[in-house]
Every structure is written in structure tokens, then in C-alpha cells.
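Values in this text are rule-based calculations from the coordinates and carry no lab data. Because the structure is predicted, anything quoted here is derived from the model rather than measured. As a convention, Cβ positions derive from the backbone with ideal geometry for all residues, glycine included, and neighbour counts pool all protein chains shown.
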Ligand code: SF4
Ligand code: SF4
């Protein structure tokens, strides 16, 4: 059993040791007024009845700070639907965590935002579906959601909080990418996150309807490059390229169990938001085990931490401590083996399979969107 956080020692190839996590994503509830068809929540949404009570979340905040977590991302679903959000923000702030509210903003009021800022909230990340209001409301499945988001972004700036605009892009909005970046600029965001949708969970269900064409992907890269040049020093643009068109995988989560952890609404602690798609992992719960012990010794965290678990071609690859073999969930999904190289990698024998999906899916122009809600979740569960 490992009992020390290796924050004073360099990571080793031989010993599976853990640095303190930088970030903790707290999914406070899976309820949400929006229904985005690419939502990163699992398709099996957790029921409200199993949501953690306030006192456990407050203790999780204290434990996270003790463990060395620096950044707390309050997410969901929609974290604003928790009436105790104020208490959670206050405790997190008192514990010394940098607090980031990730919200659809659909139910936000200026008064509530102001109160949260007074309690220590540092940063707000508003998710946008498009720059075009009609398409935005169609994709989010909520009337007037877009107008509400624009208004909320102005409150964030007025109140003096840091603002990020988060815009997942896919075939049904990526042609508006330049307008999305311009919208973030107009709103005074310090950062815009333009992430090509990653095909897990709801996005996987909707992959045929969301997969961009190769031309769209290439154009999006050009748009981002031009915007970065124009906005250098004024607005940071984080860009996540689509795996299905890549030759090397991204270092998913910065490496499994290396820098961040997720706590689900019911208290399960995951190395990444899609980890439940991997059979055989054991997810401990904050109701029954301390966060520090879960991070250091939990089976799900140890399983793919470091490099000892890797097979070829990763084991002998010079990039294994750069991308950490890519994404375990994608390896599971495409290769049927979570310890395989991420098929996004050109060295994977299954790389061509991803390319096949990337060419085939955009041809399915009429694929209907399955909106993310509890009814769809029940239908998908059969
Ligand atoms: S992606 Fe959309 S549906 Fe999912 S939590 Fe965010 S706002 Fe809600
Ligand atoms: S072989 Fe493995 S470690 Fe090497 S680049 Fe590909 S995914 Fe990364």
C-alpha cells in the first residue's frame, strides 16, 4: 500500500507513485435543464435520489484541499440546481481551493451569481452550443437558452469574475467557429475552449450525426490558427482536435491518475468521466473511503497509472511518458481492450478502424439527434 504523496520525489518508471491531483471535478447532480446530444455525462445518468447530501460534499472539499487539490470544477449536469451550491462554494473557498463554476447558465440569476462571488467563487465557465441563437437552442434543447447565456456572461464580467466560454464543436456547428470565437471575444472572455466533441457517452450515441467531415476539421484548424494570431495576448484559445482524424493520441487526462479525479453525484470517484465504460474497474465511494486513500490506493486509479501496464507498441515507445498511451476508454471502445494503445495513434494496428468511422459517419447526414435526458437514458437502457 502506498502511503505517501510523491510530491517531493520525481515519478519513477518502476514504482507506480502518485503526484497530488491538481484538479477535482465535482459533478454535483446529473439533472440539467439542457439536453446537449454530446454531453460528457454517462448515458446511464445517475438518479437525483442518489445525490450526495450537503455534509458529504462539504467534507469532500476539505479532503480535496488536504490532498493537495488546487482547482475545484463544480459541474453536473447543472450545478446551479443544487440549492446548497452556496455552502459548497463557501467551504471550498475557505479550504483554499480555486473554484470554477461550469454551467449552462440557463437558471442563473444575477443575484445568485453575485452571492456566489461574495462566498469566494473565482471563475465561471459558460457552455455555448453555437453563435447562432436558433441552432444553439436546437442543440441545447431549450428555448431562449442562448439569449440567457449571453446575458449571464455580461453579469460574470460586471461582477468581476474570470470568464471562460466553452464551445464543443461538431458537424452541426463547426462551420460557425469563427463566429463562436468572435462571440467569446465580444463577451470579454479571457479564454475560449474550442473542443471537437470526444465520442464517449452521449456523443458516441450521436456520433453519426456529429462527426465532422475532414474538410470541416481542416478548416477549423485554420480558423483557430488565424484567431490565435489575431487575439494573441488578449484571449487564450484552447483547442482540442478530434481523435478520429489524428495520428497521435492526446495525453488523456494528462495521464491516468496523474493530475485529476472526478466525483460523481452519488460519490463514486473516477479517474476520468468516462471510466465507467471500462469493465473490471472498482470505483470507490466518498461515502465509505477517504479521498486520499482512493487516490493513492484505489484499484481504478492504480490499474492504468504509470507505464507498467502498457502493452506493445506503447511499452517500447519513446512517447509513452508524453501521451501515456492516449485514452483508455477509447482503447476499450474501439480495440475492446483498455490496455491497448489508443487507436487514435498511427502505431495502433486498429488505427484504420477509426479512420473508417471518420469517413463513414459524416455521410449519415440525416441521422437524428438523441437528446440527453432521463427519458432517452431509459430508452437506451432498453
Ligand atoms: S453538456 Fe449540456 S446537457 Fe450536459 S451537463 Fe452540460 S449543459 Fe447539461
Ligand atoms: S504507441 Fe502508445 S505511447 Fe507511443 S505514441 Fe502511440 S499511443 Fe502513444
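Some points to look at:
- For the pair residue 316 and residue 337, the difference between a 0.36 nm per residue extended length and the Cα-Cα distance amounts to 5.7 nm.
- Centroid-to-centroid separation of region 106-147 and region 311-364 [C-alpha atoms, Å]: 35
- FRET efficiency for the residue 289 to residue 347 pair, using the beta carbon distance and R₀ = 30 Å, is estimated at 0.20.
- Remark: spin-label model distance residue 219-residue 144 equals 3.3 nm, labels positioned 7 Å along the Cα→Cβ axis.
- The C-alpha radius of gyration of the chain, expressed as a fraction of 2.2 N^0.38 Å, stands at 0.96.
- Ordering 213, 103 by the number of other Cβ atoms within 10 Å of each residue's own Cβ, fewest first, gives 213, 103.
- One decimal place: the segment residue 115-residue 234 gains 40.0 nm when fully extended, by the rule 0.36 nm per residue minus the C-alpha distance.
- Compared with the direct C-alpha span, the chain from residue 359 to residue 159 gains 67.4 nm at full extension, assuming 0.36 nm per residue.
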